[in-house]
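See structure below.
The values are calculated or read from the model by the stated rules, or taken from the named source; none is laboratory data. Just so it is clear, the structure is predicted and the values come from calculations on it, not from any experiment. Cβ placement follows ideal geometry from the backbone for every residue including glycine, while neighbour counts extend to all protein chains displayed. Note: areas computed on protein heavy atoms with side chains; ligands, DNA, RNA excluded. Shrake-Rupley method; radii C 1.70, N 1.55, O 1.52, S 1.80 Å.
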Amino acid sequence: PEIALSRQLEERLYDHFEERLLTFHSGESLASRRNSAEIIRNSRNENGGYIALCTRSGLFLPHNNLGLIIVDEEHDGSYKQDSPAPRYNGRDTALILNSLHKGCNIIMGSATPSLEEVYNTSVGRHTLVELKERYHGSDNSEIEIIDTKAERRKNGMVGNFSRKLIDAIRET
């Protein structure tokens, strides 16, 4: 959902898919977006098809024979287009696009799923797949809650940060 994160993902995907990777979002030049749309319009799954990395506007590209749609962070409010018209929800639009392309699969990814998705999996409309371990097997982060009001009284704050946080940052 975030253009800011797309550059990092684009680099990672390019390493694997190379020239088959197309990007489409407002951060791309008009010429680049036009080129991506033209490739998608003319693609009929030759040479393994294409991989399109898009924001919600990419759902309206002239896709042919889609095989998979991935909605990352499906719960994110930025999928909702509130203005200007037309107003739509990118998450729901992806579900409709999925139903229009027979044989297309869809993955709705989220560590904190929307209530709609929790309901859809509970009634069997969608299949729940849980990831039981973290990416690269990393451990859970250690979290400590600091009472900043109490720390202020004890002179344990430097501006808006606790001395304990500053020490941990220095150590890291």
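Residue count for region 100-123 under the criterion of being open to solvent by 60 Å² or more (accessible area, probe 1.4 Å) and not hydrophobic (A, V, I, L, M, F, W, C): the result is 8. With the structure loaded, tell me whether Leu115 is free of Cβ contacts under 8 Å to residues at least 40 places away in the same chain and either closer than 30 Å to Ser29 by Cβ or β-branched (Val, Ile, Thr) (or both) or whether it fails that test. So Leu115 does not fit the description; no.
Picking from residues in region 36-92 that are part of a loop (DSSP other than H, G, I, E, B) and touching a residue at least 40 places away in the same chain (Cβ under 8 Å), the one that is least open to solvent (accessible area, probe 1.4 Å) is Glu74.
Residue-level analysis places Glu11 among those that are farther than 22 Å from Tyr88 by Cβ, at pLDDT 85 or above and exposed (fewer than 11 other Cβ atoms within 10 Å of the Cβ). With respect to Arg125, is the statement that it is under 30 Å from Asn64 (Cα atoms), out of contact with any His (no Cβ under 8 Å at 6 or more places or on another chain) and either free of Cβ contacts under 8 Å to residues at least 24 places away in the same chain or part of a helix (DSSP H, G or I) (or both) true? Yes: the conditions hold for Arg125. Residues in region 134-172 that are at pLDDT 90 or above and on the phi > 0 side of the Ramachandran plot were compared, and the one that is surrounded by the fewest Cβ atoms within 10 Å (Cβ to Cβ) is Gly159.
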